[in-house]
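Engineer: Have a look at this one.
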Amino acid sequence: MGLDPHIPLIWSIALVGLLGRFVWGYTWEDLYEGIERSLAMGLQAILILFTIYGVVSTWVAAGTIP
């Protein structure tokens with residue numbers, strides 16, 4: 001369709017944040033702590049993938065893996 005996916009993603013994050021705050025009764029601190037906890041878990045996996053990528057790309061550059 002040729003649409004930019006970032007704008008709907010930002011709108012959906014804002015909508016869920018407002019629902020959490022005003023409909024479900026969470027405080028901003030609760031929402032912030034949940035976001036922080038989720039990012040901490042996700043960043044661990046991303047760092048592992050970057051490490052594997054670095055090792056494999058080094059092997060490819062050295063000719064170990066054709």
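Nothing in this text is a laboratory measurement; each read-out follows from the coordinates by a stated rule. For clarity, every value in this text was computed on a predicted model and none was experimentally measured.
Engineer: Determine one quarter of the surface area of the Cα convex hull of the chain, which equals its mean projected area, and express it in nm² to one decimal.
Structural biologist: Its average projected convex-hull area is 7.5 nm².
Engineer: Go ahead and estimate [θ] at 222 nm for the chain from helices alone: -39,500 (n - 2.57) per DSSP H run with n ≥ 4, summed, over the residue count, rounded to 500.
Structural biologist: So the calculated ellipticity at 222 nm is -25500 deg cm²/dmol.
Engineer: Quick check: the angle from helix 6-18's long axis to the longest principal axis of the chain, C-alpha only, nearest 10 degrees?
Structural biologist: 40 degrees
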